Amino acid sequence: MIRTIVMKFGGTSVSTAESWATIDSVVRARQAEGLRPVLVCSAMAGISNRLETLVDSARDGSHEPFLASILEEHRRLGQALGVDADAILAGEFETLERIALGIHLIGDASPRVRAQVMALGELMSTRLGAAWLASRGLDVHWVDARTLLRSDGRHLGNEARHFLLSSCRYDPDPELARKLEPYPVVLTQGFVASDDRGRTVLLGRGGSDTSAAYLAAKLQAKRLEIWTDVPGMFTADPRVVPEARLILRLGYGEAQELASAGAGVLHPRCIEPVRAYGIPLLVKDTRRPSLEGTVISDEGEGQAEEAVKAVTLRKRLALVSLESMGMWRQVGFLAEAAALFRSHGISIEHVATSESNITLSFDPAQNGVGDEKLDSLVSALSEICEVRVLRDCTAISVVGNRVRRALPRLAPALGAFEHEALFLVSHAASDVNLTFVVEENQAPHILRQFHGLLFEELDESETFGPSWAELTGTEPPAYDEAAWWCRRAEELLVLAREHGTPLYVYDEDSIEEAAARLRELPVDRLFFAMKANANADVLRVVERAGLGFECVSPEEILHLERIFPGLDPDRILFTPNFAPADEYRFALERGVHVTLDNSYPLRRWPELFAGRSIWLRLDPGQGAGHHAHVRTAGAHSKFGIPREELLEVAELCRRHGIRVIGLHAHTGSGIFDAENWARNARFLAEQAALFPEVEALDLGGGLGVAEHPGQPPLDLDEVARHLRAFREERPGLALWMEPGRFLVASAGVLLTRVTQLKEKGGHRYVGIDTGMNSLLRPALYGSFHPIANLTRLGQPLE
Ligand code: ADP
Ligand code: ASP
Ligand code: MG
């Protein structure tokens, strides 16, 4: 008997004429190897989502546009393939319209009806593909998957699970093999099966992989190939981390862990059927069919030295926190809570426990849990304890054998959790999975950090291949080609020749543009935090742009006086930290705005400030920013007067006739959270109740500047929107800000010359005539500064 090979093609692999041409050629190549291809196909990319929307929108009759776009998409593919979609899919189009109308009339859709609609996606794509392959002379036999896969009926008691998240038996099925034997090529649908009453059921979103694995097991295939839009399983989702490395081989167990933890390229349920019969599983890229991809087999099982294989993300998890005093003394509490999850058909993923709290996570989508079911679970749990639910959390998992060993390498990234919310940590007892459940918006950033620490330095090996960026040539640009220094590269080279290197060069227009953007913010006054750059010419541009200056030392004030004789002291802020009495005296005599960030000077040298107007820098209690070293608020920061001391400070000021005319808060550097400054404003405005003479609030600086090419910039319009909302709440208070790097970060370059080349330990080193003496930020803050070869801009690196 000819051995079968099962080949599954995912959504993007069946959406274009080019992909179908690849399918045609790989099918012929497998036939040439003496195998019988059984093709399992998904719906076209995006169609399953649109079918879901169609069902939801049909309830109130607003489904027309979705219906039209679904039909349109199939007509477009038909046209590209040169086959008549309207004729081939007449039956499916008609069914779709009829069911949508039915849902509208009834005003609801049962899981059973939803399954019927969703199955049409796969039915349509395979009908079109089969027609085209036949037109190419391939002897292909289209089979309805509902005649091949039968649901095991495990979830009959739960309608949603039964129809939408079914599973099937996959014992070897010689009868089925015999039935398919006459056909050289079989083409069927993924995702779709039938129950014992012949009704359509689905295997869960992304379930086509599982259909293919079931068929591979039933037909005892020689291997299973999963064709998709990435050339294998990677050390992280390559669309989030382009540096992710191809995993060349994996054991079934590890592949299972990776898929369950969110490596979305494989459906978690597709491993077990092939593992049970030792059928090798290959992951291949339809757009790059010649690439090797990942091989999953028992040969890969546990043999690799490198223990950790990947970092993965799982989004949209729900977190349920159960709070009850002394719950451990209550025999059976955990069993009672678990029984409620069970009776709601929910399987739990992670658990963390303490004396009075149990926190559990689960995936609502994989459990068929909608709002209603969640509400019912919460009200049942509320009978036994206090319940809190957090939705849309993300789990980041580090996956691989002996994962504990990776902990020391992760240490630098764990610092982030000092400030970011960390809802749950779970270490699998089998030591193959370490999971951190965090807020969704923090996840990609943490994932990239983890990945960098674990994988980016690894040499190629039997396990780890090239990166996604290398494989696909989609290396992100090394720098932003629209940057001023790219346009003016020739001038920069002349400057390097004239002045020698290393040389700092600043672009006036960039500073002016940044200042113009800042002037659009709804704030009354802007001060340049001159520690960001005290170059005299830079300061002149800033001064011309109408900004004042924020200084932290008398020397900075003197520097300003030398450059701008007669500069109005009203344009200078003095915001020092732990300054001696002399420095305050100096600043007060100059008549600049003086800010105190500690109560000590008020207690020790009240006479210095008596009768004067001053500002106070407060600690809002929570820092922000791109690196722990630049977070300038919170319990672990030396800056600002803590809230607890404000009563005492107010009393000291009253006693010595000191007028507090402004309050200040600066939370950190490199902040991309657009609400940060409005939050500072609200905090300061609240504290102003203690200081009736406050006229203005200084919201600090720290406006983030994108480092990496392609990184989204801080949304200044959004910053402005939040500030406007605050101004409406508190119209009486003037707002000041003191940006530093925002004005100059993109305006400067450091020109340097290559001095020597060296090769050592397989690495190439390029020596230059500067170092951390002139650019400290990468070493100090781990910050990124792109490097470009100005003499060969735009040319590929050798
Ligand atoms: P298909 O429609 O072919 O089934 P999927 O979208 O289900 O494709 O799976 C492929 C996607 O899986 C990739 O485009 C990639 O973004 C995502 N993915 C997530 N994690 C990984 C990983 N570790 N390795 C490779 N791909 C991953
Ligand atoms: N088309 C289905 C989905 O998008 C199944 C699959 O593609 O695997 O979920
Ligand atoms: Mg998939």
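The values are calculated or read from the model by the stated rules, or taken from the named source; none is laboratory data. Because the structure is predicted, anything quoted here is derived from the model rather than measured. We place every Cβ from the backbone using ideal geometry, glycine too, and count neighbours over all the protein chains shown.
Any idea which residue in the stretch 193-237 is nearest to ARG448 (Cα to Cα), counting only those that are among the polar types (S, T, N, Q) and within 14 Å of ligand 3 (Cβ to nearest atom)?
This residue is THR228.
Within the stretch 564-584, which residues are exposed (fewer than 14 other Cβ atoms within 10 Å of the Cβ) and assigned to a helix (DSSP H, G or I)?
ASP570, ALA581, ASP582, listed by residue number.
Working only within the stretch 20-45, note down all residues that are within 12 Å of ligand 1 (Cβ to nearest atom) and surrounded by fewer than 24 Cβ atoms within 10 Å (Cβ to Cβ).
ALA45
Mind checking whether some residue in the stretch 589-597 is part of a helix (DSSP H, G or I), acidic (Asp, Glu), at pLDDT 90 or above and closer than 30 Å to LEU414 by Cβ?
No, every residue in the stretch 589-597 fails to be part of a helix (DSSP H, G or I), acidic (Asp, Glu), at pLDDT 90 or above and closer than 30 Å to LEU414 by Cβ.
Just checking, does the stretch 645-653 include any residue being over 15 Å from VAL719 (Cβ atoms) and part of a strand (DSSP E or B)?
No, the conditions are met nowhere in the stretch 645-653.
Of the residues SER430, SER382, SER397, SER426, which single one is loosely packed, with under 13 Cβ neighbours inside 10 Å and within 17 Å of ILE348 (Cβ to Cβ)?
It is SER430.
If I ask for residues that are farther than 30 Å from GLU440 by Cβ and free of Cβ contacts under 8 Å to residues at least 40 places away in the same chain, which ones from the stretch 646-692 would you list?
Of everything in the stretch 646-692, those that are farther than 30 Å from GLU440 by Cβ and free of Cβ contacts under 8 Å to residues at least 40 places away in the same chain turn out to be GLU651, ARG654, ALA689, PRO692.
Residues in the stretch 132-178 that are among the acidic types (Asp, Glu), more than 39 Å from the chain's Cα centre (by Cα) and either part of a loop (DSSP other than H, G, I, E, B) or closer than 21 Å to ALA85 by Cα (or both): how many?
Of the residues in the stretch 132-178, 3 are among the acidic types (Asp, Glu), more than 39 Å from the chain's Cα centre (by Cα) and either part of a loop (DSSP other than H, G, I, E, B) or closer than 21 Å to ALA85 by Cα (or both).
Of the residues GLY232, GLY190, GLY206, which single one is at pLDDT 95 or above, surrounded by 24 or more Cβ atoms within 10 Å (Cβ to Cβ) and within 22 Å of the chain's Cα centre (by Cα)?
Going through GLY232, GLY190, GLY206 in turn, just one is at pLDDT 95 or above, surrounded by 24 or more Cβ atoms within 10 Å (Cβ to Cβ) and within 22 Å of the chain's Cα centre (by Cα): GLY232.
Just name the residue that is nearest to ligand 2 (Cβ to nearest atom) out of those in the stretch 286-297 that are among the polar types (S, T, N, Q), outside any strand (DSSP E or B) and touching a residue at least 24 places away in the same chain (Cβ under 8 Å).
Looking at residues that are among the polar types (S, T, N, Q), outside any strand (DSSP E or B) and touching a residue at least 24 places away in the same chain (Cβ under 8 Å), I get THR286.
For the stretch 25-131, list the helices (runs of 4 or more DSSP H) that sit wholly inside it and hold at least 1 residues that are in contact with a His (Cβ under 9 Å, 6 or more places away or on another chain); which are they?
Those helices (runs of 4 or more DSSP H) span 47-58, 85-88, 90-106.
Mind listing whichever residues of the stretch 243-253 are among the charged types (D, E, K, R) and within 12 Å of ligand 1 (Cβ to nearest atom)?
Hit for the stretch 243-253 is ARG245, nothing else.
Of the numbered conditions (1) at pLDDT below 95; (2) not in a loop (DSSP other than H, G, I, E, B), VAL283 satisfies every one except a single condition; which is it?
In the conditions (1) at pLDDT below 95; (2) not in a loop (DSSP other than H, G, I, E, B), VAL283 misses (1) alone.
Please specify each residue of the stretch 180-215 satisfying the condition of being farther than 19 Å from ASP24 by Cα and away from ligand 1 (no atom under 16 Å from the Cβ).
Hits for the stretch 180-215 are LEU180, GLU181, PRO182, ALA193, SER194, ASP195, ASP196, ARG197, GLY198, ARG199, THR200, VAL201.
Taking into account only those residues within the stretch 1-24 that are assigned to a loop (DSSP other than H, G, I, E, B) and within 13 Å of ligand 2 (Cβ to nearest atom), which is nearest to ALA130 (Cα to Cα)?
Across the stretch 1-24, the extreme among qualifying residues is SER15.
Any idea which of LEU458, LEU493, LEU453 is part of a helix (DSSP H, G or I) and exposed (fewer than 15 other Cβ atoms within 10 Å of the Cβ)?
When all the criteria are applied, what remains is LEU493.
Looking only at the stretch 224-277, which residues are among the hydroxyl-bearing types (Ser, Thr, Tyr) and closer than 23 Å to ARG402 by Cα?
Hits for the stretch 224-277 are THR235, TYR252, SER260.
Using the structure shown, decide if GLU33 is under 29 Å from ASP108 (Cα atoms) and either more than 16 Å from ligand 3 (Cβ to nearest atom) or modelled with pLDDT under 95 (or both).
no
If you check SER42, SER25, SER62, which single one turns out to be among the hydroxyl-bearing types (Ser, Thr, Tyr) and under 31 Å from the mean Cα position of the chain (by Cα)?
SER42
Exactly one condition in (1) surrounded by 17 or more Cβ atoms within 10 Å (Cβ to Cβ); (2) touching a strand residue (DSSP E or B) at 6+ places or on another chain (Cβ under 6 Å) is false for THR501; which is it?
(1)
Kindly indicate whether GLY740 is under 34 Å from the mean Cα position of the chain (by Cα) and buried (at least 17 other Cβ atoms within 10 Å of the Cβ).
yes
I'm checking my understanding of the structure. Among residues of the stretch 753-766 that are under 35 Å from the mean Cα position of the chain (by Cα) and touching a residue at least 12 places away in the same chain (Cβ under 8 Å), which one is farthest from ARG488 (Cα to Cα)?
GLY762
Please specify each residue of the stretch 518-552 satisfying the condition of being surrounded by fewer than 18 Cβ atoms within 10 Å (Cβ to Cβ) and either polar (S, T, N, Q) or closer than 20 Å to PRO576 by Cβ (or both).
If the condition is that a residue be surrounded by fewer than 18 Cβ atoms within 10 Å (Cβ to Cβ) and either polar (S, T, N, Q) or closer than 20 Å to PRO576 by Cβ (or both), then ARG525, LYS531, ALA534, ASN535 are the ones that fit.
Working only within the stretch 597-613, note down all residues that are of a type outside the set (D, E, K, R) and more than 10 Å from VAL649 (Cα to Cα).
PRO601, TRP605, PRO606, LEU608, PHE609, ALA610, GLY611, SER613
Residue check: is ALA109 in contact (Cβ under 8 Å) with a residue 24 or more places away in the chain and more than 16 Å from ligand 1 (Cβ to nearest atom)?
yes
Yes or no: SER62 away from ligand 3 (no atom under 16 Å from the Cβ) and modelled with pLDDT under 95?
yes
Can you give me the ranges of the strands (runs of 3 or more DSSP E) entirely in the stretch 181-280 with at least 1 residues that are touching a residue at least 40 places away in the same chain (Cβ under 8 Å), of a type in the set (A, V, I, L, M, F, W, C) and within 14 Å of ligand 2 (Cβ to nearest atom)?
Output list reads 192-194, 200-202, 223-228.
Conditions (1) within 16 Å of ligand 3 (Cβ to nearest atom); (2) under 30 Å from the mean Cα position of the chain (by Cα), marked per residue:
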{"site": "VAL265", "(1), (2)": "yes, yes"}
{"site": "VAL274", "(1), (2)": "yes, no"}
{"site": "LEU281", "(1), (2)": "yes, yes"}
{"site": "ASP285", "(1), (2)": "yes, yes"}
{"site": "LEU291", "(1), (2)": "no, yes"}
{"site": "SER321", "(1), (2)": "no, yes"}
{"site": "LEU340", "(1), (2)": "no, no"}
{"site": "ALA352", "(1), (2)": "no, yes"}
{"site": "ASN357", "(1), (2)": "no, yes"}
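Of the residues VAL283, VAL320, only one is of a type in the set (A, V, I, L, M, F, W, C) and within 16 Å of ligand 2 (Cβ to nearest atom); which?
None of the other options fit; the residue is VAL283.
Any idea which of ALA534, ALA516 is outside any loop (DSSP other than H, G, I, E, B) and among the hydrophobic types (A, V, I, L, M, F, W, C)?
Every option except ALA516 fails the conditions.
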